[in-house]
Every structure is written in C-alpha cells, then in structure tokens.
Amino acid sequence: MANTKSSCLPLYEKVFHKNTYHRALDVIILFLLLCLLFYRLSTLKNHGFAWFLAFLCESCFTFIWILIVNCKWTPLTYKTYPQRLQERIQELPPVDMFVTTADAELEPPIITVNTVLSLLAVDYPVHKLACYVSDDACSPLNFYSLVEASKFAKLWVPFCKKYNVQIRAPFRYFPDSEPSDSSSGELLQDWKNMKKEYEKLSQNIEHAAKRSSLFDLTGEMTVFSNTERMNHPTIVKVISENRGGLSDEIPHLVYISREKRPKHPHHYKAGAMNVLTRVSGLMTNAPFMLNVDCDMYANNPEIVLQAMCLHLGSKNENEFAFIQSPQYFYDRPENLCILNEYIGKGIVGIQGPFYQGTGAFHRRDVVYGLCLDQIEHQGNIVEDELLKKFGNSKEFIKSAAQTLEGKTGGYSSNISRSLDEAHRVADCGYEYGSSWGDEVGCLYGATAEDNLTGLVIHSKGWRSGYCLPIPHAFLGCASPSGPAGMRQQKRWATGLLEILFSKRNPILATLIGKLQFRQCLAYLWILTWGLRSIPELCYIALPAYCIITNSTFLPKVQEPTVLIPLALFVIYKLYTLLEYIQAGLSIRSWWVNNCMARIVTTSAWLFGLVNAALEQFGFSEAVFEITQKIHRPSDVDEVMFDDSPFFVPGTTIILVHLAAWATGLLRLQSQGAHGSGLGDYFCSVYVVLCFFPFLRGLFMTGKKGIPWSTICKSTALALLFVQWCKMMSSVN
Ligand SMILES: O=c1ccn([C@@H]2O[C@H](COP(=O)(O)OP(=O)(O)O[C@H]3O[C@H](CO)[C@@H](O)[C@H](O)[C@H]3O)[C@@H](O)[C@H]2O)c(=O)[nH]1
Ligand SMILES: [Mn+2]
C-alpha cells in the first residue's frame, strides 16, 4: 500500500527563488552603466584618449554585466526526496562511477583511494554500483594502493552502513569523529578497529610510495614491468568483483590504464573518460554514469539517490541529460561559493548548469550522442552505422545498441568475462575512424572538455539538472594559490576560448542548433573569461596614465556627473559584499576574492588569451597541465611568487602606479595646478590596494617575495609605459 502511495508522490520539486531586490540592484547597476556610457559618448569630443579608452572599457564591462544579469535572473533549485525513491528500491537503476587520476605525485594515491572508498560506500544497493578508476600515470603504486584499499573497503563499507557514517572518506572521517564516551561499547570498539585498519592502509601506501622505484613487479604486478608513463599497453584489472552473494559487500572495482604510445594523441582527461565509458559499457553498461576527479570524494552518502530522484523523477524520465552538483572544497569552503550561489543557481533556471567535469551523473545514451527528438525512434539502429560511430568492437556495439534502445543493462555478476574486449577498446588506435570525441563521448578539441561536452549536449536541446543536497555532494582540494593556481586559471581561460573560437561555439549553436538564447548568453559569460583581461588591464592602467599625462578619465569632483561612477562603485561593492554576507562568508574573504579576481584576470587569463591566440595561429599546442592536490595550511590567502611570467603584469601594475604617484607629487610641487582630479588618485590607490601582495612582495624574500628577474622585467615594462605616456602627453 505504502508503495503505491509513494509512487505517486513526486521525487523532486522545483523551487523558484524570489529575488526581487537582487533584480532591482542588478537593474540599477545596469542603468548606471548605461548612463555612464551615454555621458561619455556625448562628451567624447571635449576629451582626449583617456576618455575614449574609458568608454571602450566600460562598454565591455556593461556587456559583461548584461551577461551576468542574464545568468542570475531566474534562480532555481530542486528539492529531492530520496526516501521516496528508496521505497521503490527494486526499480533503482545501476550506476557506473568513474574516477580519473593521472599523476601519482601531483595526485597522491591516498587522495584517490579516499575518493574511491567514499564512492564504494555510498547509500545505494552495492550490486548496482561499479567503480572504474582510470590511471593515466600507469603507476604500479596507484594499482597497489587500490588493491589495498579494496581489502580495507570490505570492512569500511559495512562499518559505514552499520553506523550510518556521514563522511565516508576515511581521511576526513577519522580526525574528528571519535565516539563520545556515552556511545555503545560496540561502536567504540569498531571505531578503534577501523581507525587502526585505516592507519595501516595509509602506512602501507606511504611506504610503497617511498620505495616505488623499487617496486617488486611480480605476480599481479608483472603487467607493469617495462612500462613507461607515455608508452605502455592497456592494463585492465578487475580488483574486486561483486558476484552477487550476500557476503559481497562492496561494488565492483576495476583498474584501467589505457594504452599510450608516443605518437598517438591521448586527449588528456577527455580521452580517459571515453575509455572509461567503453570499458564500463562492456562490463556493466549502467544507464547512468557518475564521474569525479580523483580528489572529489563523496561527502554526502545519499548523493546517488539524490541524483536518481532527478533522473527518474520527471514525468517521462527524459528531462535531464545530466545532473551536475557544484564543486565545493574542503580546505577552502568559501571558494566558488558565491559563484554557485548566485550565477550557478541562475543558470539552473535557464537550460541547466554547465557540465563541470566532476560531480556529474550522465545518461549513457546521451553520451552516446542521442538527441532529444530521437528518443521515439530508438528501435531501428543499423549495425553498420553503429560500427562507424562506435568503432570496431562487435561486443561494444551490442551494448551500445542496448543502451540506445533504452534497455537498461541488468546486473552483471561476471565482469571478468569481458576483460579481453575491454583491453581492445582501451587501445590507443581504437577510436580512429569512429565518432569518439567528435559526436560520441567526451568531446576533444578543447582543454575545457567538460564545458565543450556540456555545451554540445545543450545544443541538442537537452536540459541539465542541479543537485544541491545538504551536506554538499562532493568536496575536493581547492585550487592551489601561487604559480600552480595561475597555471590552472590559464588552462581554463585557454580551454574556454578554444570553445569560443571553434565551430561548436554557442552563437552558432543557438542559430542552427537548439541552444536557448539565454543559455547562449550564459555560455558567453564563461567562455569569454580570457578576453576580459584586455579591458580590465586597460582600465587598471588608466588612472596611472592620467596622473602621468596630467589628464583625467573621470568627471571633476565639482561636476554632478561624478555621482554616476561614484554611485556605481559604491553600490557595486556594497552589493557584492552583501552577497558574501548572505552566503555566510566573511568581509575578509570578500576583500581577498575581490583582489584575487583582479590579479587572476590581469595575469593568468591574459596569458590564457595569448595562449589561445597562439593556438589559433598554429604556434602552440593545447596541453592539460595537471593541478597538484595537496592539503594546505590556512595561510592560503597569501600570494606566492616565483619567476614565471604570471607575476610580471601585477608587478608592472604596482610599479606604474608608484611611478604615477611620484610624477604627480613632483608636479604638485612645481606647478601647483593639476589636470588629474581626486577621482584619478582614488582609483590609483584602489588599484594599489587590490595588488597589495605585489607591493609587499617587492620588499620580501622567499616565496612571498617577487624574484629579481621578475622585478627587472616589470621595471623595464613600467619604464616603457611611462615613456609612452610622456610621448602621448606631448602629442596632445
Ligand atoms: O591527462 C589527463 C589529465 C587529467 N586527468 C584528470 O582530470 C582531472 C582534473 O584534473 P585537474 O588537474 O584536477 O584539473 P582541474 O582544473 O582541477 O579540473 C577542473 O577543470 C577540468 C577541465 O576543465 C575538468 O575536467 C575537471 O573536472 C575540473 O575539476 C583529474 O582527476 C586528473 O587526474 C586525466 O585523467 N588525464
Ligand atoms: Mn582539480
């Protein structure tokens, strides 16, 4: 009885967020921006170069603001009811879970192991789950760690379920989970045993890491002998197989290191994802696939149930192509928080969130290229067509046809059976002549493969869903600060521009595809990150330029029109501050992020733009540099320097403004009168405050100090700039 009743209740509901005052503020800011532009335009002929440049920059900012307002306009979230889903337990579909790792040093195996353990232990019938780990490092250490982890998992998973443990990644669970004295003796005993076992596991892995060059490559490990990271055959190993008996308490666990050969492009993460998709297609062929980066452990044990509420809950079960949960970080809880809170939820209300590369539950048939309007005629698929599309594996094609016909793969108790074929589909030549990476799977052609793949799915008319449970679904390591963080931001900026400059760009997708117009604007907001560096850099240089050339780019203090830029500045800053406070963040993190945004835009994104331009003209090739995953101490707000070019723009900006102040002061002494106004000086001081870490870095040593080589380069650039300003002022 309860069953029939529960099957009528919805599995999720839409929650529209009323945001009248956000909208009002958004519109006020837009209005002020337009006033400013109008004022500039109407007074253009009375002013010089600075005025014109300010007009150009502000036009860009207005355009970006329109994109942002569009993103934020109709926020939406979904409320899910996993307990209702659980009451229909027999109907739960299988889910394949993918973890990608690519470097045993930058991505320590213990982190990957924790992610895998958290996935193996989620609240979902174990025999409906399979976990596939792709190791692009081809590291025996990774394999060894996973084998050890699977032994530990056989204790850990039952323990988590027995005591309903909330955080199922042991490295996050143990430090602060000691049961209180009042808890049952059994729990205390079990907890202590588990802790001891986990310590043993991490020690084993640590020891193995220390002697990893001397790994004993015998037995199971012989496959790793004579392998190099970029030159080795496919390795697929079933680490743990769930044969469906009662004693099998953990899901299937499979290790995959796809074939790599020096002359074959491997397409980085996208390539790894496609191999995972094919191997899992042969072994378990679940209709849904979750993928996470190796550092993104499942923080909410209900996450699979939550996502399934969305996938299975819509009336025709065809609403969403994928369900995305936002990225959050355990070591920097505030990072990305604002982005997820306002822009993220806003995009959910348009066509759905972007695919973020991790924390997403994809429908397998959509990944295989299914369009929304093809659902009706899934029945008649010709084998030849399939061969052309999916490559030359009869077995894989059989499974793909099943998927496209909507027949969900049943539970596979014997996955080792498919091992031979699995090796074949993971070979580096398998994709030649097929549609993998082009029409099928994760798409190639941009280092931001996630955005590209999601965009193409949206272009086919699909929507995506958003899963925002409490506690957060997945938590990972925050982006590092300093040079490594800059490299990551640069890769993103480049990768996003690669999409913008490609034939898959959102504008074409709206014109000839099914991408909604507002979703197109949302994509433009993210894809143009790299382009923003130019107006931002110009605007930051403007106050210095004006002070040096004794001109101004703002109305005089006594003119009433000065109120427009003043109001814009004050309202915008207070507005963003309010957003932080509403999200429960501190004023300090608001200020730090405000400064970091300026620094990243003018350095990492600038180099991202240069990089993307070079690629367009064939001078450089896209690479995916892996980001280091480490536990960081809490002084992460500090900007760390090295001699990479990333820190040249910031240092130059500081030097240029200091030079401007000196020029201004000298002029004040000699002439008294002044062409630049208070506004120019105020802006200059504000810029210096934003780039304060660089000012401090000039006088510090070690990682917090700017190296001499950078200072020299920046001084040369700053001198050039000052010289150019002088030239300009003598022309006028
Ligand atoms: O050749 C490669 C390179 C990377 N990876 C994996 O890709 C994931 C992401 O790499 P990471 O260095 O952590 O990059 P991030 O910039 O942190 O990743 C973000 O940005 C990527 C590109 O936009 C997305 O793919 C990611 O999901 C998203 O978290 C990791 O699990 C890597 O192991 C591979 O499997 N093979
Ligand atoms: Mn990452």
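The values are calculated or read from the model by the stated rules, or taken from the named source; none is laboratory data. Keep in mind that what you see is a predicted model, and the values were worked out from it rather than measured. Glycine also receives a Cβ, built like all others from the backbone with ideal geometry; neighbour counts cover every protein chain displayed. Accessible surface is based on the protein model in full, side chains and every heavy atom, while ligands, DNA and RNA are left aside. Shrake-Rupley method; radii C 1.70, N 1.55, O 1.52, S 1.80 Å.
Long hydrophobic helices in the chain, taken as whole DSSP H segments with a C-alpha length of 30 Å or more on their own axis and mean Kyte-Doolittle hydropathy at least 0.0: 20-42, 49-72, 140-162, 647-671, 708-731.
Quote the charge dipole size of the stretch 203-344 about the Cα centre in Debye, to the nearest 20; the model charges only the Cβ of Lys and Arg (+1) and of Asp and Glu (-1).
Details: 13 positive and 16 negative charges, 154 e Å.
Charge dipole, the stretch 203-344, about its Cα centre: 740 debye, nearest 20.
Over the chain, Cα pairs under 8 Å with separation of 6+ residues give a relative contact order of 16 percent. Of all DSSP beta bridges located in the chain, what percent are antiparallel, nearest 5? That works out to approximately 45 percent antiparallel. Charge tally for residue 320 (other residues, Cβ to Cβ under 11 Å; Lys, Arg +1; Asp, Glu -1): 0.
Projected onto its three principal axes, the C-alpha set of the chain covers 91, 62, 57 Å, listed from the longest axis down. Can you tally the net charge around residue 541? Count Lys and Arg as +1, Asp and Glu as -1, for every other residue whose Cβ sits under 14 Å from the Cβ of residue 541. Summing Lys and Arg as +1 and Asp and Glu as -1 gives -1.
Where only DSSP H runs of four or more residues are counted, the chain gives -16000 deg cm²/dmol as its mean residue ellipticity at 222 nm, each run worth -39500 (n - 2.57).
Projecting the Cα positions of 57, 502, 470 onto the charge dipole of the chain (unit charges on Cβ atoms of Lys, Arg, Asp and Glu, taken about the Cα centre) puts 57 furthest along the positive direction. If you take the charge dipole of the stretch 218-338 about its Cα centre, with +1 on Lys and Arg Cβ and -1 on Asp and Glu Cβ, which of 297, 219, 312 is farthest toward its positive end? Farthest along the dipole direction, towards plus: 219.
Taken about its Cα centre, the chain carries a charge dipole of about 1420 debye when Lys and Arg each add +1 at the Cβ and Asp and Glu each add -1 at the Cβ. Assuming 0.890 mPa s and 25 °C, estimate D for the stretch 1-129 with Stokes-Einstein, Rh taken as the Kirkwood radius over Cα pairs, in µm²/s. It diffuses with D of about 118 µm²/s by this estimate.
Relative contact order for the stretch 488-578: what is it in percent, counting Cα pairs under 8 Å that are at least 6 residues apart? So the answer I get is 21 percent. Note on the chain: with neighbouring protein chains present and a 1.4 Å probe, carbon and sulfur make up 61 percent of its accessible heavy-atom surface. The simple Förster model, with R0 at 60 Å and r as the Cβ-Cβ distance, assigns residue 619 and residue 189 a FRET efficiency of 0.40. Rounded to the nearest 20, the size of the Cβ-charge dipole of the stretch 264-350 about its Cα centre is 280 debye, with Lys and Arg at +1 and Asp and Glu at -1. If one puts a single equal scatterer on every Cα of the stretch 83-478 and applies the Debye formula without solvent, what log₁₀ I(q)/I(0) results at q = 0.09, 0.10, 0.13 Å⁻¹? Values returned for q = 0.09, 0.10, 0.13 Å⁻¹ are -0.51, -0.63, -1.10. In percent, rounded to a whole number, the relative contact order of the stretch 605-715 is 38, using alpha-carbon pairs under 8 Å and six or more apart. Between the listed residues 669, 16, 157, the Cα displaced farthest toward the positive end of the dipole of the chain, a dipole computed from Cβ unit charges relative to the Cα centre, is found at 669.
Looking at the chain, the accessible area is 43 square angstrom per residue; that uses a 1.4 Å probe and ignores ligands, DNA and RNA.
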